[in-house]
Amino acid sequence: MTGQLTYHSLGLLPSLPTILVPSFLLFDGLMHGGAAGWLTVAWVVVLGLLATLPLGMILGSVVPSTQKVGTWGMLPIMVLTAISGIFFPIQALWGWVQAVAQVFPVYWIGLGLRSAFLPDAAVTLELGDSWRTGPTVLVLAAWAVFGALVTPRVLRRMARRQSGSQVAAAREATLQWVR
């Protein structure tokens, strides 16, 4: 689990400038917070990765085959992203959908990043007219702890269900996709 967390986290590093540089060129007034804003981006990204990557490992291990990950693995992720307030204000959704969105880390990652990039006046667009930094840290940390405790158990259980020949066959099938 630790190796996968490290691998995927390091894989994100080239993506960040790819997203941030065009954003700064296209949109005026980003990052009003200066150094404090960049510090916020750093802790939100780190906690966000620790909160979401183990969930992806769990989701990937319970999906029956690699071909079905695209459908059954991505469907819940797309739904959570759609209701999280990333693409439009969460206040436009029903109250129960807002509550469901706030249970999962995607909403809190978005809230933390908005607090870093947007001006202080934008806080009026958030639920409760607050960036809710404390709850953001708590929710993301809680998901990170949950992932750290549950993911190894789920992965061990999945590995016990696989025989050596099944692992070899799956590895060979994966290599066929790569070639």
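The values are calculated or read from the model by the stated rules, or taken from the named source; none is laboratory data. The shown structure was predicted, so the numbers you read here are calculated from the model rather than taken from an experiment. Ideal geometry is used to build each Cβ from the backbone, glycine not excepted, and the neighbour counts take in all protein chains shown. SASA here: full protein model, heavy atoms, side chains in, ligands and nucleic acids out. Shrake-Rupley method; radii C 1.70, N 1.55, O 1.52, S 1.80 Å.
In this structure, does Val46 turn out to be open to solvent by 80 Å² or more (accessible area, probe 1.4 Å), aliphatic (A, V, I, L, M) and under 17 Å from the mean Cα position of the chain (by Cα)?
Spelling it out, Val46 is indeed open to solvent by 80 Å² or more (accessible area, probe 1.4 Å), aliphatic (A, V, I, L, M) and under 17 Å from the mean Cα position of the chain (by Cα).
A quick yes/no check of all residues on (1) loosely packed, with under 11 Cβ neighbours inside 10 Å; (2) under 30 Å from Gln166 (Cα atoms):
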{"residue": "Gly29", "(1), (2)": "yes, no"}
{"residue": "His32", "(1), (2)": "no, no"}
{"residue": "Thr40", "(1), (2)": "no, no"}
{"residue": "Leu59", "(1), (2)": "no, yes"}
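So, in segment 105-118, exactly how many residues are open to solvent by 30 Å² or more (accessible area, probe 1.4 Å) and either out of contact with any helix residue (DSSP H, G or I) (no Cβ under 8 Å at 6 or more places or on another chain) or free of Cβ contacts under 8 Å to residues at least 24 places away in the same chain (or both)?
2
Taking into account only those residues within segment 5-27 that are under 22 Å from Pro119 (Cα atoms) and aromatic (Phe, Trp, Tyr), which is most open to solvent (accessible area, probe 1.4 Å)?
Phe27
Within segment 119-139, track down each residue that is among the hydrophobic types (A, V, I, L, M, F, W, C) and open to solvent by 60 Å² or more (accessible area, probe 1.4 Å).
Ala121, Leu125, Leu138
Counting just the residues of segment 154-171 that are in a helix (DSSP H, G or I) and not hydrophobic (A, V, I, L, M, F, W, C), which one comes out modelled with the lowest pLDDT?
Across segment 154-171, the extreme among qualifying residues is Gly164.
Go through segment 80-104 and report how many residues are in a helix (DSSP H, G or I), loosely packed, with under 11 Cβ neighbours inside 10 Å and not small (Gly, Ala, Ser).
Summing the residues that are in a helix (DSSP H, G or I), loosely packed, with under 11 Cβ neighbours inside 10 Å and not small (Gly, Ala, Ser) in segment 80-104 gives 1.
Any chance you could count how many residues in segment 28-56 are at pLDDT below 90 and in a helix (DSSP H, G or I)?
Of the residues in segment 28-56, 2 are at pLDDT below 90 and in a helix (DSSP H, G or I).
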